[in-house]
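The values are calculated or read from the model by the stated rules, or taken from the named source; none is laboratory data. Computed from a prediction, not measured in an experiment: that's the story for all the values here. Reconstructed Cβ throughout: ideal geometry from the backbone, glycine too, with neighbour counts over all protein chains shown.
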Amino acid sequence: MSARTQSSEAPHRAGFACFVGRPNAGKSTLTNALVGQKVAITSSRPQTTRHTVRGIVHRPDAQLILVDTPGLHKPRTLLGERLNDVVRTTWAEVDVIGFCLPADQKLGPGDKFIAKELAGIKKTPKVAIVTKTDLVDSKQLAEQLIAVDQLSKELGFEWQEIVPVSAVGDQQVSLLADLLIPLLPESPPLYPEGDLTDEPEMVMVAELIREAALEGVRDELPHSIAVVVEEMLPREDRPADKPLLDIHANVYIERPSQKGIIIGPKGQRLKDVGTKSRKHIEALLGTPVYLDLHVKVAKDWQRDPKQLRKLGF
Ligand SMILES: Nc1nc2c(ncn2[C@@H]2O[C@H](COP(=O)(O)OP(=O)(O)OP(=O)(O)O)[C@@H](O)[C@H]2O)c(=O)[nH]1
Ligand SMILES: [Mg+2]
């Protein structure tokens, strides 16, 4: 049998691989790099991701569906508890678990805590992904790889693979997909060809606004920001070749004292958030956009079940 016939007989595989890890480990950046397009927002602030985001990698013989999850952390609010629950539900359902550990930080109690929980999930293959390798030299990387290997041995299991990657430096990103795919079940494609995510447009738009709002804010404020798109409507009376989409969105914060920081002197900060996110939104939707942002207080929403429900958690 020639190699060609052999490969054409290779079974098609499709399934789900989730990325889990501490906040800021690089899960969302890696998801985007694998998909080849931004499907999840990212930031230098921990706890950026607040819901699972699916990104789809298409290959002739496989469909790899990545599930980016919120960073698992010690919860201090009801929101934090909910996010951790989402992670645990996700890793119980997927075909492969990818545990992301940044190369530039020594393994800490947070990583060990997660690894211990993973050790209890016997049926699912686990791949250790050492992220951000561009930030370390080869000696540091080697030490990290050994420490990661040691970590599973101490807990009585083996990683299926240990893969160093750099999403920013595009190092070994497609190799990671090559290694995940054989761990998926035989299956026809689960999503239509060409789909890169199943995120609703309104959610993606809200996330792009939140991403712009996160930039440059510090301390507790990033956690306090939530964004909800209220309406997206094509402007009436526009010629067919000059469409305009009106988007109305609310930016929520938790306390009246945070309002001034988000809006900025003479409204400049909010304006910048609008300008910046509008560019990304127009690129996403492929149409000119008029973006109308309002800042509202949802008092202590991270701790309030009613407010959380209203904000979609
Ligand atoms: N140098 C470098 N930085 C990276 C890499 N991957 C991610 N980062 C940076 O690390 C920070 C966190 O990245 P995210 O992808 O948002 O991390 P996350 O794990 O999704 O974080 P949460 O959603 O908060 O759990 C951002 O500032 C990224 O730019 C990488 O490969 N190299
Ligand atoms: Mg993330």
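The table below lists the values:
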item: Residue match in segment 100-111 (condition: more than 15 Å from ligand 1 (Cβ to nearest atom) and touching a strand residue (DSSP E or B) at 6+ places or on another chain (Cβ under 9 Å)); result: yes
item: Subset of segment 31-71 (residues that are within 11 Å of ligand 2 (Cβ to nearest atom) and more than 19 Å from residue 167 (Cβ to Cβ)); result: 50, 51
item: Whichever residue in segment 59-79 is part of a strand (DSSP E or B) and within 20 Å of residue 91 (Cα to Cα) and, among such residues, is farthest from ligand 1 (Cβ to nearest atom); result: 63
item: Residue among 89, 52, 77, 42 that alone is under 30 Å from residue 10 (Cβ atoms), at pLDDT 95 or above and polar (S, T, N, Q); result: 52
item: Test: residue in segment 8-25 that is in a helix (DSSP H, G or I) and either in contact with a Cys (Cβ under 8 Å, 6 or more places away or on another chain) or in the same structural domain as residue 303 (by TED's automatic domain parsing) (or both); result: no
item: Selection status of residue 10, more than 10 Å from ligand 1 (Cβ to nearest atom), farther than 30 Å from residue 217 by Cβ and modelled with pLDDT under 95; result: yes
item: Breaking point among (1) surrounded by fewer than 24 Cβ atoms within 10 Å (Cβ to Cβ); (2) more than 17 Å from residue 213 (Cα to Cα); (3) polar (S, T, N, Q), for residue 42; result: (2)
item: Criterion: surrounded by fewer than 19 Cβ atoms within 10 Å (Cβ to Cβ), under 23 Å from residue 43 (Cα atoms) and at pLDDT below 95 - qualifying residue of 170, 219; result: 219
item: Qualifying strands (runs of 3 or more DSSP E) (wholly inside segment 222-313; at least 2 residues being within 24 Å of residue 24 (Cα to Cα) and not assigned by TED's automatic domain parsing to the domain that holds residue 82); result: 226-234, 245-253
item: Residue check, residue 89 out of contact with any helix residue (DSSP H, G or I) (no Cβ under 7 Å at 6 or more places or on another chain), in a helix (DSSP H, G or I) and surrounded by 21 or more Cβ atoms within 10 Å (Cβ to Cβ); result: no
item: Residue within segment 40-54 that is within 11 Å of ligand 1 (Cβ to nearest atom), assigned to a strand (DSSP E or B) and touching a residue at least 60 places away in the same chain (Cβ under 8 Å) present; result: yes
